[in-house]
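Trainee: One structure coming up, written as structure tokens, with questions to follow.
The values are calculated or read from the model by the stated rules, or taken from the named source; none is laboratory data. All values derive from a computational prediction rather than experimental measurement. Neighbour counts are summed over all protein chains in view; Cβ atoms, including those assigned to glycine, are modelled from backbone coordinates with ideal geometry. Heads up: the accessible areas ignore ligands, DNA and RNA and are worked out on the full protein's heavy atoms, side chains in. Shrake-Rupley method; radii C 1.70, N 1.55, O 1.52, S 1.80 Å.
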Amino acid sequence: MTSTRFQETFRTLKARILSVTGLAGLGWGAVVGICVLLVAVWLDLVWELTSASRILFIALAVVAGAALVGAFVARAFRAMRDALLVRRLDRAGETGGEILSGYELQAGDSGGPTDLTRGLAELASQRAEQIAGQVPTETVVPWRPVGRAIGAAAGLAAAVVLGVIVVPRLAATEWLRFADPYGDHPPYSRTAFLVEPGNTSVRYGDGLDVVVKTEGPPVEDLQLVWRRAAPETGGAPEEEILPMFAEAEGQWRASLASVTVPGDYFVRAAHSRSYRYRLDLITVPEITQVRFRITPPAYTRDPVYEGELPRNGIVALPGTVVEVTATSNRPLGSGTATVPGKEGPATVALAPVTGGDPAEAQATEVRGTWTIDAAGSFTVDVTDRAGQSSRQPFGGTITLLKDLSPLVRVASPPSQSLATPSAMLPVTVAGEDDYGITKLQLYRSLNDTRATPVSFATGDPAVRRQEDPAELPLADYGVQPGDVIKLFARAEDNDPAGAKGTESPVAVIQIVSQEELDRLMQALEGADSLMSKYQSAQRRLESLQEQMETLQKKLEQQAAKNPASELSKEDEEQLETLRKQVEEAAKEVRKSAEEALPYDLDKALNGELETLAKELDEAARETEAMKSGKEGAKPNVAETLQKLRKTRERLKKQQEQYEEGVTDPLEQFSQIYPLFEDQARFEELAERQRDLAERLASLKNEEKAEDAQVRARMRELEAEQRRVREDLDDLLRDIESHATQLPTDADPKIAELAESAREFVEKVRGAGANEAMTGAETELSEFSGSKGHAQAEAAAKILESFLSRCKSTGEKCEGACDNLKFRPGAGAAGNSLQQLLEAAGFRRGNTPGMGTGRGGGFSARRDSLSNMGLFGMKQTKGNPQQSRSGQGKQSASAGGSYRTDDARTAASRIDPHGTLKSSGASEAAIPLRYRKQVERYFQQIAEEAGSSPAKRP
């Protein structure tokens, strides 16, 4: 039996053995576990272990470490047997077996054959217990095994730490892969992938662009792996591999088309891949497109619109049919359109568009139709086959158009017109409607009698714009001077809800005598009437010269072949035609001479027309004589050619004298006169500004006026001041233009006049009149009567300071005219400038203003006639002329109504089709040196068109 003392020693040793061995086992178990994991990491780097393999290696490491710890613990328990402990004590204490012998004597049977034996055995046991108690436990069970295990573990740990420091990304990657084996942790690679858009969602049916940027060593090939989620019925996820395409350096792209199921995707290369990214699906239907087919009512004949919603929404008439087609990213089961109606919002059902084909059962379009009858907002919503409605409905507006009433006007004659009792009054009625004209009528009345209509034919289908001409032969109506004809038009549209009608303003035509109309035309034409009268004769001479030249060339060709040959029948006919034209020219020139104009210059030059008429009579007799030879025989070509040359040379000389002594100076006179008229206009403007300043004097005590009537008057005076300023600007521009047109190389006085006019404009502009007028406008707009009056007064004084200079310009105009080389001699112009100025409605020496006409009370001032129609059958001196009222505007009166020649005379050779006349241009505006070329140009156009010169009614 073991003694208590031995037992205490053994307990101490056993506890120490267990601690040392256990700690050593733990250390070596950790080393083994770590080694197993390092082997797994190496294998993962080589083969990319699966999650299960990584878990298996983790378990293997734990099991291996635990097994080693268990082995150490088992070894410890084996080493804790008493006999083994005694021997360990003997060895540690170096007792030579003394402790073992004492332990065995004590453990054996102590009863010996003798008491001595037993005593000695007891002494030996006690000695062994004493020695065993004296042996140090650290000598019996040292800590060296623990140290070795800890050293090995520390060394291995240091190696791992060094690896983490050297390759941190590798260590972090493997740590994540083994710490979270089921997590999405790509295997280590030196190439990193930045994937966009990462985790995302797309609408059902949409595609997805995946862009990858690589960092690190470049890759030669990339693949996009798309894994669709497993079907709800079970089964493995479907995987689709798409190649990626390189773009810029280090950037790749691939596209997923028509995503209809959720899933995940990642990018992979030969030995690496990216994280896996979730791709979710937005299954709520979204409206991707809405198309409209808008069909207007049939009576409008407007085209059908097809396309997206117009920028301003649907703008349509009531009765317009709208078909809407909505497209979604999901198969649709239905849809609705909420539209405005007369009774409130209405719902229109939209049905799937399948076309009856079972293959199209998954229709992504719905369609519906409604008829517009109210304005407002509308929405379109869709529902998929699962019953889900779209998140955001499509919306728009409906604007209801109104079928407007037609527009109608009497385009001709103007609203205020004058006509002679024998005039043929041209009438033009114009109607316009937004959708169609079904009725167009002209109403006419005489002296306020009941108006009677005349209907014009309208189109079928109805046209939107219609213009119809007509003529009223006033001679057939028996009208007399003093009568008044009123015209107005009426039009009706094609609105199926009920035709709407509109009437035009009334055009009033005052019947006047021929003498009154002539007087008004003289005021309108001014100097142009002189030019037209005398240039008409010049043009006739030029025309005759051309015809004689043509005939002369023909006869010269015949004479070159056979001078003694007789005239052919064709030659005789041409001579007869020439004779008639010469006689007609003489008749017309004489007729022009009989029509005297109330100007001194016309009286001086009228004799030139009479002389020219006599020359033409003589030329006609000579032409008649060309058809007979000596002693009544038939003339030959040579004789006729000689006579023709003689007649032509005499007429050419007469033409040159006429041009040099009549038309050339007359043209210069017509270019000087506008500046003379500009002088009168400036005087009138100065008077208007003075009158305005005097009227503003009554407001000079008003500052920031509050009274409504005073403010209204200031606004009126502000508008009047603005008109005066604008008229001044127009006048100065006209003076510059008229000065530029002067023939300065013809006479030094004309050059001096042009320079004086330009200097006058420059001085007036620099004097500050315009600025003062603008200041008056500004002050009046701010209701400052005192400052407005001061500025207007300053402007008036500035203009008045130029009156003497203006008068000097007028005197230079008169001097330049007196110096013109008219054939009658110096002073031929007489008082023509004054007479023309008075005819235009200006009064020199008095306050300029509207001249009071004689007979009917019509103003003879040209600018008052510029917007009035003048119609009469009097044969005047030329085409209607451009108005010289100062604004450069042409008269709206003519329009071809005031005729030049009667119906038997061809139109001007310069204007064979009346093109100049219809625009209000004047033949006098064409310089003489260019007139012949222009004449030939128009004649060539007429010949190429295959038409003869137009005749005038």
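Trainee: Pairs needed: first member in the stretch 723-734, assigned by the TED database to the domain that holds R688 and more than 17 Å from S756 (Cβ to Cβ); second member anywhere, at pLDDT below 95 and not in a helix (DSSP H, G or I); C-beta distance under 6 Å; at least 6 residues apart or different chains.
Mentor: Listed pairs, sorted by first residue: D730/Q887.
Trainee: Could you please let me know if E660 is within 22 Å of L742 (Cβ to Cβ) and surrounded by fewer than 17 Cβ atoms within 10 Å (Cβ to Cβ)?
Mentor: Yes.
Trainee: Now a separate question. Could you tell me which numbered condition L644 fails, if it satisfies all but one of (1) more than 25 Å from S670 (Cβ to Cβ); (2) part of a helix (DSSP H, G or I); (3) open to solvent by 60 Å² or more (accessible area, probe 1.4 Å)?
Mentor: With (1) more than 25 Å from S670 (Cβ to Cβ); (2) part of a helix (DSSP H, G or I); (3) open to solvent by 60 Å² or more (accessible area, probe 1.4 Å) applied to L644, the lone miss is (3).
Trainee: Identify all residues within the stretch 701-715 that are open to solvent by 70 Å² or more (accessible area, probe 1.4 Å) and more than 39 Å from the chain's Cα centre (by Cα); write none if there are none.
Mentor: First, pick out the residues of the stretch 701-715 that are open to solvent by 70 Å² or more (accessible area, probe 1.4 Å): 701, 703-704, 706-709, 713, 715.
Selection gives N701, E703, K704, E706, D707, A708, Q709, R713.
Trainee: All but one of (1) hydroxyl-bearing (S, T, Y); (2) without any contact (Cβ under 8 Å) to a residue 60 or more places away in the chain; (3) touching a Ser or Thr at 6+ places or on another chain (Cβ under 7 Å) hold for S628, so report the exception by its number.
Mentor: Only one criterion in (1) hydroxyl-bearing (S, T, Y); (2) without any contact (Cβ under 8 Å) to a residue 60 or more places away in the chain; (3) touching a Ser or Thr at 6+ places or on another chain (Cβ under 7 Å) is unmet by S628, namely (3).
Trainee: Could you list all residues from the stretch 667-714 that are more than 24 Å from N770 (Cβ to Cβ) and in contact with a strand residue (DSSP E or B) (Cβ under 9 Å, 6 or more places away or on another chain)?
Mentor: Residues satisfying the conditions are E702, E703, K704, A705.
Trainee: One residue is enough: does the stretch 392-403 have a residue meeting the conditions in contact with a Lys or Arg (Cβ under 8 Å, 6 or more places away or on another chain) and of a type outside the set (V, I, T)? Before you say what the answer is, go through the steps one by one.
Mentor: Taking the stretch 392-403 and keeping what is in contact with a Lys or Arg (Cβ under 8 Å, 6 or more places away or on another chain), we get 403.
Right, trim to of a type outside the set (V, I, T) and you get 403.
So far as the stretch 392-403 goes, yes, one or more of its residues are in contact with a Lys or Arg (Cβ under 8 Å, 6 or more places away or on another chain) and of a type outside the set (V, I, T).
Trainee: Something else: Go through the stretch 492-509 and report how many residues are under 14 Å from A430 (Cα atoms), open to solvent by 40 Å² or more (accessible area, probe 1.4 Å) and among the hydrophobic types (A, V, I, L, M, F, W, C).
Mentor: Count: 1.
Trainee: A follow-up question, please. Inspect all residues belonging to the stretch 253-267 and state whether any of them is more than 25 Å from R330 (Cα to Cα), surrounded by fewer than 14 Cβ atoms within 10 Å (Cβ to Cβ) and aliphatic (A, V, I, L, M).
Mentor: Restricting attention to the stretch 253-267, the residues satisfying the condition of being more than 25 Å from R330 (Cα to Cα) are 253, 266-267.
Then keep just the ones that are surrounded by fewer than 14 Cβ atoms within 10 Å (Cβ to Cβ); that gives none.
No, there is no match, as no residue in the stretch 253-267 is more than 25 Å from R330 (Cα to Cα), surrounded by fewer than 14 Cβ atoms within 10 Å (Cβ to Cβ) and aliphatic (A, V, I, L, M).
Trainee: Okay, moving on. Identify, from the list A71, A76, A24, the residue that is of a type in the set (G, A, S), part of a helix (DSSP H, G or I) and modelled with pLDDT under 80.
Mentor: None of the other options fit; the residue is A76.
Trainee: Pick from R54, R75: which is surrounded by 14 or more Cβ atoms within 10 Å (Cβ to Cβ), touching a residue at least 60 places away in the same chain (Cβ under 8 Å) and of a type in the set (K, R)?
Mentor: R54
Trainee: Could you figure out which of (1) touching a residue at least 40 places away in the same chain (Cβ under 8 Å); (2) outside any loop (DSSP other than H, G, I, E, B); (3) surrounded by 14 or more Cβ atoms within 10 Å (Cβ to Cβ) isn't true of V219?
Mentor: The failed condition is (2).
Trainee: Only residues that are assigned to a helix (DSSP H, G or I) and within 15 Å of R444 (Cα to Cα): list them for the stretch 466-509, please.
Mentor: L474, D476, Y477
Trainee: Select from the stretch 374-403 the residues that are part of a strand (DSSP E or B), open to solvent by less than 30 Å² (accessible area, probe 1.4 Å) and of a type in the set (D, E, K, R) and list them in ascending order.
Mentor: If the condition is that a residue be part of a strand (DSSP E or B), open to solvent by less than 30 Å² (accessible area, probe 1.4 Å) and of a type in the set (D, E, K, R), then D384 is the only one that fits.
Trainee: Would you please name the residue that is nearest to K213 (Cα to Cα), looking only at residues in the stretch 268-313 that are surrounded by fewer than 16 Cβ atoms within 10 Å (Cβ to Cβ), free of Cβ contacts under 8 Å to residues at least 60 places away in the same chain and out of contact with any strand residue (DSSP E or B) (no Cβ under 6 Å at 6 or more places or on another chain)?
Mentor: A270
Trainee: I need every pair where a residue in the stretch 772-794 that is closer than 15 Å to N701 by Cα and in contact (Cβ under 8 Å) with a residue 60 or more places away in the chain has its Cβ under 6 Å from the Cβ of a residue that is open to solvent by 40 Å² or more (accessible area, probe 1.4 Å) and not in a helix (DSSP H, G or I), sequence separation at least 6 or different chains.
Mentor: Within 6 Å, the pairs are F783/K704; S784/E703; G785/K700; G785/E702; S786/K700; S786/E703; H789/K700.
Trainee: While we're on this one: Looking at D433 and the list (1) out of contact with any Leu (no Cβ under 6 Å at 6 or more places or on another chain); (2) over 30 Å from G482 (Cα atoms); (3) open to solvent by 30 Å² or more (accessible area, probe 1.4 Å), which single condition is not satisfied?
Mentor: Only one criterion is unmet by D433, namely (3).
Trainee: Do any residues in the stretch 404-418 that are closer than 15 Å to R464 by Cβ and open to solvent by 20 Å² or more (accessible area, probe 1.4 Å) have Cβ atoms under 6 Å from those of residues that are modelled with pLDDT of 95 or more and in a loop (DSSP other than H, G, I, E, B), where the two are at least six apart or on different chains, and which pairs are they?
Mentor: Once the first residue is closer than 15 Å to R464 by Cβ and open to solvent by 20 Å² or more (accessible area, probe 1.4 Å) and sits in the stretch 404-418, no partner that is modelled with pLDDT of 95 or more and in a loop (DSSP other than H, G, I, E, B) comes close enough.
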